[in-house]
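One structure is given below, encoded as structure tokens.
The values are calculated or read from the model by the stated rules, or taken from the named source; none is laboratory data. Keep in mind that what you see is a predicted model, and the values were worked out from it rather than measured. Cβ atoms come from the backbone with ideal geometry, glycine included; neighbour counts cover every protein chain shown.
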Amino acid sequence: MPGSRPAPRRIATLSVHTSPLEQPGTGDAGGMNVYIVESSKRLAARGVEVEIFTRATGSGLPPLVEMSPGVFVRHVTAGPFEGLDKEELPSQLCAFANGVLRAEAAHPPGYYDLIHSHYWLSGQVGWLARERWGVPHVHTAHTLAKVKNKFIAAGDRPEPRARLIGEEQVIAESDRLVANTRFEAQDLIGHYDADPDRVSVVQPGVDLQRFRPGVADRARFGLPERGRIIAFVGRIQPLKAPDVLISALAAMREQGVEDVTVVICGGPSGSGLDRPSSLIELASSLGVSDSVVFLPPQTGDGLAALYRAADLVAVPSYNESFGLVALEAQACGTPVVAAAVGGLVTAVQDGISGVLVDGHDPRDWARVLERLLDAPAFRHRLAAGAAAHASQFSWDRTADNLLRVYRDAVTEHRALIAARLEGATYAW
């Protein structure tokens, strides 16, 4: 109808390289998984059915799983079932695209109203499906190769040229681009020549029911009841820079600080798989093994409990498109010390909910961490500010803003089709 802005009834969400059913914190599962799961559940609650396509990694996986009411995960066979590195997945995009197109072909025409792809690999498939189905394509990059290479960690591998070209293609061909922050929007425009009119900022959220202030239970993790605790949560890879935190602990030890325990919670990922024991070796070489505790990735409630058990949460990443860990920790009332990069500048309110650190020199990090640990009154004010800051973010708000982007994309797409039909000439 003229002037109407219809919401899509059914969305095809593409997540080629990682399944929303996987545990975040290891392998390729991280913040993007949380984003897809939480936003999909909220969209379904608003009457929009979501079907998530992901690569099958086991022969026993059912073709279709209902993850939650109105949200389905479809396992697409593409390549060997065992895990593949992201660098190997481009060779399987043809097979994955075939599986996506076959799934749609089993339904009446117009079954999906919109495609939302996550990460550039999915964007390549979304680009193809958009042409085949005649529906708008919305893309969220989550990370950008040109930005990652600009701020690459020492010892990390640069993103390959094939990814850079693939991202440029996807960004040029998408109807709408969703950025996590205004800084990411600027990167899309500045580094990839994205049309500013097609870029929308939709900030991620946090589950405020699960992540909230509460009583600390250090015994749950075998942590010392006395002393101060700094936690790192995330995938173990150079990009996330957990080594900076361990080296900062050693620097504090040199200054006579003896009662600090560092918790590293996560599993190896990416180039971190090359040396999965590197952090253990680093702690040993620096003489701080007795003050470093390694924990496996935690489920939702366990993760919230770990945030509450810590005095501070450190996010020393070289780059983050947003930084959901920082938001979750603050929602639990735990101040965050984060690198002043990417989306962390938005996720952490410097001096109010936490502290931002310029650079990755362990000595600088040691000075900031020690200053905060020795100032309980200031830390208490940051804790209150952290909870207040995080309360401004919610997945409900994210879903509402995504729906606005979807409505705009669908409206413009239908208007374009109508204009083409109106201007068409027919030979009788």
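The condition (being surrounded by fewer than 16 Cβ atoms within 10 Å (Cβ to Cβ) and over 16 Å from the mean Cα position of the chain (by Cα)) is satisfied by just one residue among Arg212, Arg228, Arg220: Arg220.
For segment 306-326, the criterion of being more than 30 Å from Glu254 (Cβ to Cβ), β-branched (Val, Ile, Thr) and crowded, with 21+ Cβ neighbours inside 10 Å is met by none of the residues. Within segment 37-87, being of a type outside the set (A, V, I, L, M), assigned to a loop (DSSP other than H, G, I, E, B) and under 21 Å from Arg397 (Cβ atoms) holds for Arg46, Gly47, Pro69, Gly70. Considering segment 324-373, and only residues there that are assigned to a loop (DSSP other than H, G, I, E, B) and touching a strand residue (DSSP E or B) at 6+ places or on another chain (Cβ under 6 Å), the residue that is farthest from Val147 (Cα to Cα) turns out to be Thr334. Of the residues in segment 193-211, none is in contact with a His (Cβ under 9 Å, 6 or more places away or on another chain) and closer than 27 Å to Phe96 by Cβ. Screening Leu382, Leu372 for residues that are in contact (Cβ under 8 Å) with a residue 60 or more places away in the chain and either aliphatic (A, V, I, L, M) or not assigned by the TED database to the domain that holds Arg228 (or both) leaves exactly one candidate, Leu372. Inside segment 48-76, residues that are at pLDDT below 95 and hydroxyl-bearing (Ser, Thr, Tyr) make up a count of 2. In the set Pro90, Pro109, Pro80, only one residue is under 13 Å from Gln169 (Cβ atoms) and at pLDDT below 95; that residue is Pro90. Hey, could you check segment 91-132 for residues that are aliphatic (A, V, I, L, M) and outside any helix (DSSP H, G or I) and say which is surrounded by the fewest Cβ atoms within 10 Å (Cβ to Cβ)? Only one residue fits best here, namely Ala106.
Of the residues making up segment 156-178, one or more are touching an Asp or Glu at 6+ places or on another chain (Cβ under 8 Å), surrounded by fewer than 16 Cβ atoms within 10 Å (Cβ to Cβ), at pLDDT below 95 and not in a helix (DSSP H, G or I).
Does Ala194 fit the bill of being over 20 Å from Asp400 (Cβ atoms) and either at pLDDT 95 or above or surrounded by fewer than 16 Cβ atoms within 10 Å (Cβ to Cβ) (or both)? Yes, satisfied.
Consider Ala399 carefully, then state whether it is in a helix (DSSP H, G or I), touching a residue at least 60 places away in the same chain (Cβ under 8 Å), out of contact with any Asp or Glu (no Cβ under 6 Å at 6 or more places or on another chain) and of a type in the set (A, V, I, L, M, F, W, C). Yes: the conditions hold for Ala399.
Per-residue answers, yes or no, for (1) small (Gly, Ala, Ser); (2) within 23 Å of Leu239 (Cα to Cα):
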| position | (1), (2) |
| --- | --- |
| Lys148 | no, yes |
| Phe151 | no, yes |
| Asp156 | no, yes |
| Glu168 | no, yes |
| Asn180 | no, yes |
| His191 | no, yes |
| Ala194 | yes, no |
| Arg198 | no, no |
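In this structure, is Ile189 closer than 24 Å to Tyr318 by Cβ, of a type in the set (A, V, I, L, M, F, W, C), surrounded by 21 or more Cβ atoms within 10 Å (Cβ to Cβ) and free of Cβ contacts under 8 Å to residues at least 60 places away in the same chain? Judged against the criteria, Ile189 is not a match. Only one entry in Leu239, Leu245, Leu306, Leu273 is modelled with pLDDT under 95, touching a Phe, Trp or Tyr at 6+ places or on another chain (Cβ under 8 Å) and not in a loop (DSSP other than H, G, I, E, B), namely Leu239. For segment 276-303, the tally of residues that are of a type outside the set (A, V, I, L, M, F, W, C) and assigned to a loop (DSSP other than H, G, I, E, B) stands at 7.
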